[in-house]
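A short write-up of the structure that comes next.
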Amino acid sequence: MGCGKLKRFLVMVLFIELLVCSVVSGIGVNWGTQATHPLPPSTVVKMLKDNGIQKVKLFDADSNILEALKKTQIQVMVGIPNDMLYTLANSVQAAEKWVSKNISAHISSGGVDIRYVAVGNEPFLSTYNGTFESTTLPALQNIQSALVKAGLGNRVKVTTPLNADVYQSSSDKPSDGDFRTDIHDLMIKIVSFLSQNNAPFTVNIYPFISLYADPNFPMDYAFFNGFSSAINDNGKIYDNVFDANHDTLVWALQKNGFGNLPIIVGEIGWPTDGDRNANLQYAQRFNQGFTSRYLGGKGTPMRPGPIDAYLFSLIDEDSKSIQPGNFERHWGLFYYDGKPKYQLSLGPTSPNGLIAASGVAYLPKKWCIMKPSANLNSDQVAPSVSYACQNADCTSLGYGTSCGNLDVQGNISYAFNSYFQVNDQMDSACKFPGLSVVTERDPSVGDCKFKIMIQTDSAVRIGSVRILLFVFLFLGIVV
């Protein structure tokens, strides 16, 4: 090969490498904020940068978070909560005001790289009983019109993150997939709207939920290590449920004339606590398996190219609703304080695993536990534990969880300490009548960690109210 040809060949190889890296590098994460003591936005942004995370998906338009993302070159998907859909669907002016305040202002003056607006979040879940079916599409249309009016129609795209239950297969084969019968017509209208505006279809896929919902679901099918009973769908081989689920959507789109619509995986991950299948080992196995595929540019049998995806989630959220299950508060790659839960490589920027948040300050090393001399048969034990767990986080207690092996006294102590820490270790938060005492000896046992909360003023606003309610509750019990 001559020098000229060799030079051109090397340039071409370099170009291809750069192109591949630009497409598949920088997996995204979901940044949720439903925590009693959230880390400061500046701390989280530094953690994102330290770990080479280049894309973030938000569930609202928190101005402090967007301010912290200024000039970071981190791509942002800004969310609109479901409770705003009605207003935005019924008022173009409200949509224009929202875009002006939450998108235009941060792009023009703040240098925030906003790429998408997520209108609603899984609005067609069957548990919502159709609440948002009449407002989601009009809200999408009004936000799109507002973006166009603001001169951002080509720069910022609208989408609606949908749960994978909006489509289904009549068999175990993706090729039998189509949109859910009860919302089929609505889904076609939404997909058509997205297609017309060069916007992506965003779907949240959770193999863990398949395992959680069906005790007979084959364990290995949830992961990426190969499943011995792989599904052969007209020559397409499916050895994991993610591929099968994703391609059921591809078939649903294709059957309805939208086979080329871009797909974003808005949420994918595995929780680490709150259920017998939610643990560190499974979460590491799943997330590393998915991330390695992502970095390798391996798609699915129907879409073999690189995938655009956001891991769920960045940090644990101890005040999320547990209606779906206790695992809801434990999806994070990081604990509440920004410490990594397990070894996970997100690519060349983190070859040795995740990097913890820096500069995190903790409250003093003290815990609220059940007094050793307290009477386990006291009639105040049950209401005390119930109150503590209702107003704090006890989701690490239960069968198969990280604290599932505690004895009765340990369970009570865990509940008391959880309440104590949520309320910033206020003396009055460890005054369960005749039952509790503050200790400086760590009561953690094995994998069951008794928290020390981080320093923040976020709980102060609600702490005094909780304490007041607590006092009235036990005055009533005593009387």
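If you filter the range 383-439 for chymotrypsin sites (Phe, Trp or Tyr not before Pro), then keep DSSP loop positions with at most 11 other Cβ within 10 Å, what is left?
Values: sites: Tyr387, Tyr399, Tyr414, Phe416, Tyr419, Phe420; in loops: Tyr399.
Those satisfying the criteria are Tyr399.
Of the heavy-atom accessible surface of the range 57-131 (probe 1.4 angstrom), what whole percent is carbon and sulfur?
Numbers: 1550 of 3440 Å².
The C+S portion of the solvent-accessible surface of the range 57-131 is 45 percent.
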For the pair Lys366 and Ser63, the simple spin-label estimate (label points 7 Å beyond Cα toward Cβ) gives in nm 3.8 nm
How far apart, in nanometres, would the label points at Asn256 and Ser378 be if each is projected 7 angstrom from Cα along the Cα-to-Cβ direction? 5.8 nm
Fraction of accessible area attributable to carbon and sulfur, the range 147-237 (%, probe 1.4 Å): 45 percent
Share, in percent, of DSSP beta bridges within the range 99-216 that are antiparallel, nearest 5: 40 percent
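Quick check for you: with a 1.4 Å probe and neighbouring chains kept, what is the accessible area per residue of the chain, in Å²? Provide the component values of the computation, followed by the final result.
Details: 21740 Å² over 479 residues.
Per residue, the chain has 45 Å² of solvent-accessible surface.
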Cα-Cα over 24 Å, subset of Lys173/Lys255; Lys55/Lys298; Lys70/Lys341; Lys57/Lys339; Lys46/Lys149; Lys49/Lys341: Lys70/Lys341; Lys46/Lys149
Enumerate the amide H contacts of Lys157 below 5 Å, restricted to partners 5 or more residues apart or on another chain; note that Pro and chain-start residues carry no placed amide H. Tyr116, Val117
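Determine the dipole magnitude for the chain: charges of +1 sit on the beta-carbon of Lys and Arg, -1 on that of Asp and Glu, nothing else is charged, the reference point is the Cα centre, and the result goes in debye to the nearest 20.
Numbers: 38 positive and 40 negative charges, 326 e Å.
It works out to roughly 1560 debye.
Take every Cα pair under 8 Å in the chain that's 6+ residues apart, average their separations, divide by the length, and report that relative contact order as a whole percent. Mind showing how you got there, number by number?
Values: 874 pairs, mean separation 69.9, N = 479.
Computed over the chain, the figure is 15 percent.
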Have a look at the DSSP beta bridges in the chain and tell me what percent are antiparallel, nearest 5. 35 percent
Cβ-Cβ FRET estimate between Lys149 and Ser386, R0 fixed at 56 Å, reported to 0.05: 0.60
Tilt, helix 460-478 to longest principal axis of the chain (alpha-carbon atoms), in degrees rounded to tens, equals 40 degrees
Long-range amide H partners of Ala199 with built H, under 5 Å: none
Hey, what angle do you get for helix 184-196 against the long axis of the chain, alpha-carbon based, 0 to 90 degrees rounded to 10? 60 degrees
Pick the calculated percent of Cα pairs over 31 Å apart for this structure from [x] 41; [y] 49; [z] 54? [y]
Please give the helix 381-390 orientation as an angle from the longest Cα principal axis of the chain, in degrees from 0 to 90, rounded to the nearest 10. 30 degrees
Please report, as a whole percent, how much of the solvent-accessible surface of the range 253-402 comes from carbon and sulfur atoms (probe radius 1.4 Å). 52 percent
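The values are calculated or read from the model by the stated rules, or taken from the named source; none is laboratory data. Just so you know, these numbers come straight off a predicted model, no measurement behind them. Note: ideal-geometry Cβ built from the backbone for every residue, glycine included; neighbour counts use all protein chains shown. Remember, those area values only see protein heavy atoms, side chains included, never the ligands or the DNA or RNA. Shrake-Rupley method; radii C 1.70, N 1.55, O 1.52, S 1.80 Å.
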